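Here is the structure we will look at.
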């Protein structure tokens, strides 16, 4: 269970203190923390017992787990085997049946107020929750029981955070995000379809190190990963500002890497770390791969029309302008500057001429 510390387990595996400190430095960097935070992480790993975690699955496609296991900093094996005590996860655990169910009961009773429930997917409420049965019981009942004495709840992915496609209109199963069912516990939302692997491990690392939840925005998302628009850090932003857009898939502008705004990219209204942290160990992210952002970390993205319908009224050059007018605005601005410069020059010439005539008359 969660009695041994991270440091104890690493030393048992023959890992040197030097390697552990290097790991702490990489973890601090992935969290966007200053170098001094590496020492705090090291102290936490040496002195604090691992946190018991119950990872539950409701209505979902398991893409959050698929993302999680691909984390590079820290490696997911270090998170699962050392940083936390992942005592229950019905997707990857060896136990099954009554043996598996007994683990939830044991953690809830033994670690009151000292365990975390991580939820992937959401509970459907229609027909008394019968659209998602786990262990012979509706998932919503299982969720309420597991969260009863939890320290905190982490809602992995857009399914748990916002409902996602299961909650799309008309939502016949009444799929419901976790925070509308669990209302008496602190909840950290980590939306995305799926979330970035390092964002998931980063949230766990922060909670372990500082023994508190990270600072959250108004929607309950960690500020350290969801405080900036993808658009503001996108490497194609210069093309947006210059009015250079992909007009259709695989045109010359697409081959030049121009902005995907006209192709429906939701980067200007999406808050996530894709353009800074990246995917696949930082190698790429959807926009870099040639596809516009679909806004999967934003609430209701699945009901906001086709993914390839472009946004309107996106500001450019500090003014309210859309992609159709932004290019004309740039050209008009340049002409206006030239006109003003020419006008000032004409005024100066007229003033000099009058002064010269006055001097000659005098």
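Nothing in this text is a laboratory measurement; each read-out follows from the coordinates by a stated rule. Small disclaimer: the values here were computed from a predicted structure and weren't measured. We place every Cβ from the backbone using ideal geometry, glycine too, and count neighbours over all the protein chains shown.
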Averaging the inverse of every distinct alpha carbon separation and then flipping it gives the Kirkwood radius. What is it for region 6-225, in angstrom units? 17.7 Å
So, in nm, how far is label residue 280 from label residue 248 when the simple model puts each one 7 Å beyond its Cα toward the Cβ? 2.8 nm
Suppose each label sits 7 Å from its Cα in the direction of the beta carbon; what would the residue 128-residue 144 distance come out to in nanometres? 1.2 nm
In nanometres, what is the gap between the two model label sites at residue 43 and residue 99, each 7 Å from Cα along Cα-to-Cβ? 4.2 nm
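Under the 0.36 nm per residue contour assumption, what length would be gained going from the current alpha-carbon distance of residue 212 and residue 112 to full extension?
Details: separation 100, 0.36 × 100 = 36.00 nm, distance 1.65 nm.
Difference between extended and current length: 34.3 nm.
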Counting other beta carbons within 10 Å of each Cβ, put 265, 24 in order, fewest first. 24, 265
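What ranking do 187, 283 get, fewest neighbouring Cβ atoms within 10 angstrom at the top? Write down the numbers at each step before the final one.
Numbers: 187 22, 283 10.
With the sparsest Cβ surroundings first, the list reads 283, 187.
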